[in-house]
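In what follows, a single structure is set out as C-alpha coordinates and then discussed.
The values are calculated or read from the model by the stated rules, or taken from the named source; none is laboratory data. Note that this is a predicted model, so its numbers are computed, not measured. Here Cβ is always computed from backbone atoms with ideal geometry, including for glycine, and neighbour counts include all displayed protein chains. Surface accessibility is based on the protein's heavy atoms, side chains included, excluding ligands, DNA and RNA. Shrake-Rupley method; radii C 1.70, N 1.55, O 1.52, S 1.80 Å.
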Amino acid sequence: QVQLVESGGGLVQAGGSLRLSCAAFGSIFSIYVMGWYRQAPGNQREWVATATSGGSTNYAESVKGRFTISRDNTKNTVYLQMNSLKPEDTAVYYCLVGRSDGNYWGKGTLVTVSS
(Lines give C-alpha, C1' and ligand atoms only; values in the text may rest on other atoms or scores of the structure.)
Protein backbone atom coordinates (compact mmCIF):
# COMPACT_ATOMS: atom_id res chain seq x y z
CA GLN A 1 0.00 0.00 0.00
CA VAL A 2 1.12 3.56 -0.69
CA GLN A 3 0.06 6.98 0.55
CA LEU A 4 0.35 10.05 -1.68
CA VAL A 5 0.79 13.52 -0.19
CA GLU A 6 0.05 16.42 -2.54
CA SER A 7 0.74 20.12 -2.08
CA GLY A 8 1.10 23.37 -4.01
CA GLY A 9 -2.44 24.17 -5.09
CA GLY A 10 -3.93 27.59 -4.58
CA LEU A 11 -5.33 30.74 -6.14
CA VAL A 12 -3.36 32.55 -8.83
CA GLN A 13 -4.07 35.20 -11.46
CA ALA A 14 -4.04 34.39 -15.15
CA GLY A 15 -0.47 34.37 -16.43
CA GLY A 16 0.93 33.34 -13.07
CA SER A 17 2.68 30.16 -11.96
CA LEU A 18 2.28 27.36 -9.44
CA ARG A 19 4.31 24.27 -8.59
CA LEU A 20 2.57 21.09 -7.48
CA SER A 21 4.31 18.33 -5.54
CA CYS A 22 3.33 14.74 -4.81
CA ALA A 23 5.35 12.46 -2.53
CA ALA A 24 4.72 8.72 -2.30
CA PHE A 25 5.16 6.93 1.03
CA GLY A 26 4.99 3.21 1.74
CA SER A 27 6.84 -0.04 1.29
CA ILE A 28 9.56 -0.19 -1.33
CA PHE A 29 8.29 -1.06 -4.81
CA SER A 30 9.45 -0.03 -8.24
CA ILE A 31 7.61 3.10 -9.44
CA TYR A 32 7.26 2.94 -13.20
CA VAL A 33 5.11 6.00 -13.86
CA MET A 34 4.24 9.18 -12.01
CA GLY A 35 1.83 11.74 -13.37
CA TRP A 36 -0.95 14.25 -13.02
CA TYR A 37 -4.62 14.34 -13.94
CA ARG A 38 -7.17 17.09 -13.40
CA GLN A 39 -10.92 17.48 -13.12
CA ALA A 40 -12.62 20.80 -13.83
CA PRO A 41 -16.08 21.59 -12.43
CA GLY A 42 -18.70 19.57 -14.28
CA ASN A 43 -16.11 17.75 -16.40
CA GLN A 44 -14.55 14.29 -16.51
CA ARG A 45 -11.08 13.70 -15.14
CA GLU A 46 -8.48 14.22 -17.86
CA TRP A 47 -4.84 13.32 -18.23
CA VAL A 48 -2.33 16.19 -17.95
CA ALA A 49 1.21 14.77 -17.92
CA THR A 50 3.24 11.67 -17.06
CA ALA A 51 6.89 10.84 -16.44
CA THR A 52 8.49 7.39 -16.56
CA SER A 53 11.31 6.14 -14.37
CA GLY A 54 13.59 6.42 -17.40
CA GLY A 55 12.95 10.14 -17.74
CA SER A 56 10.49 10.22 -20.63
CA THR A 57 7.71 12.80 -20.35
CA ASN A 58 4.41 13.28 -22.14
CA TYR A 59 1.89 16.12 -22.03
CA ALA A 60 -1.68 16.78 -22.98
CA GLU A 61 -1.95 19.12 -25.94
CA SER A 62 -3.68 21.77 -23.85
CA VAL A 63 -0.66 22.22 -21.54
CA LYS A 64 2.29 21.71 -23.89
CA GLY A 65 4.80 24.53 -23.66
CA ARG A 66 3.37 25.77 -20.36
CA PHE A 67 3.64 22.85 -17.90
CA THR A 68 6.71 20.81 -16.99
CA ILE A 69 6.62 17.49 -15.16
CA SER A 70 9.68 16.20 -13.31
CA ARG A 71 10.46 13.57 -10.69
CA ASP A 72 12.99 12.86 -7.98
CA ASN A 73 13.36 9.09 -7.85
CA THR A 74 15.34 9.10 -4.61
CA LYS A 75 12.43 10.88 -2.86
CA ASN A 76 9.63 9.19 -4.83
CA THR A 77 8.28 12.64 -5.59
CA VAL A 78 6.77 14.09 -8.75
CA TYR A 79 6.37 17.79 -9.54
CA LEU A 80 4.30 19.81 -11.95
CA GLN A 81 5.57 23.29 -12.75
CA MET A 82 2.68 25.28 -14.22
CA ASN A 83 3.45 28.54 -16.00
CA SER A 84 1.31 30.96 -18.01
CA LEU A 85 -1.78 29.69 -16.24
CA LYS A 86 -5.17 30.24 -17.83
CA PRO A 87 -8.66 30.25 -16.31
CA GLU A 88 -9.28 27.02 -18.25
CA ASP A 89 -6.62 25.35 -16.06
CA THR A 90 -8.87 25.71 -13.01
CA ALA A 91 -9.42 22.20 -11.66
CA VAL A 92 -8.66 19.74 -8.92
CA TYR A 93 -5.31 18.18 -9.78
CA TYR A 94 -4.70 14.53 -8.87
CA CYS A 95 -1.38 12.74 -8.53
CA LEU A 96 -0.99 9.26 -10.06
CA VAL A 97 1.67 6.71 -9.12
CA GLY A 98 2.05 3.50 -11.10
CA ARG A 99 3.97 0.83 -9.20
CA SER A 100 4.71 -2.83 -9.74
CA ASP A 101 1.67 -3.69 -7.59
CA GLY A 102 -0.81 -1.31 -9.22
CA ASN A 103 -1.91 2.31 -9.59
CA TYR A 104 -2.50 4.76 -6.75
CA TRP A 105 -4.19 8.16 -6.62
CA GLY A 106 -3.87 11.19 -4.40
CA LYS A 107 -6.84 13.03 -2.93
CA GLY A 108 -6.28 16.07 -5.15
CA THR A 109 -5.26 19.69 -4.73
CA LEU A 110 -7.32 22.62 -6.01
CA VAL A 111 -5.88 25.08 -8.51
CA THR A 112 -7.95 28.19 -9.20
CA VAL A 113 -6.90 30.66 -11.90
CA SER A 114 -8.68 34.00 -11.85
CA SER A 115 -9.16 36.34 -14.82
Self-check item: Carbon/sulfur fraction of accessible area - the chain, other protein chains in place, 1.4 Å, %
Solution: 49
Quiz item: Rounded to the nearest 0.05, what FRET efficiency do SER53 and SER17 have when you use their Cβ-Cβ distance and R0 = 22 Å?
Solution: 0.25
Quiz item: Under a 1.4 Å probe, what is the accessible area of the chain per residue, stated in Å²?
Solution: 53
Quiz item: Taking the chain as a Gaussian network, where each spring joins two C-alpha atoms under 10 Å apart, which residue of GLU61, GLU46, GLU88 fluctuates the most?
Solution: GLU61
Exercise. Return the lysines within reach of LYS64: Cα separation strictly under 16 angstrom, same-chain partners fewer than 8 residues apart disregarded; answer none if there are no such residues.
Key: LYS86
Quiz item: Largest first, how would ARG71, ARG19, ARG99 line up by accessible area (1.4 Å probe)?
Solution: ARG19, ARG71, ARG99
Quiz item: To the nearest 10 square angstrom, what accessible area does LYS86 show with a 1.4 Å probe?
Solution: 90
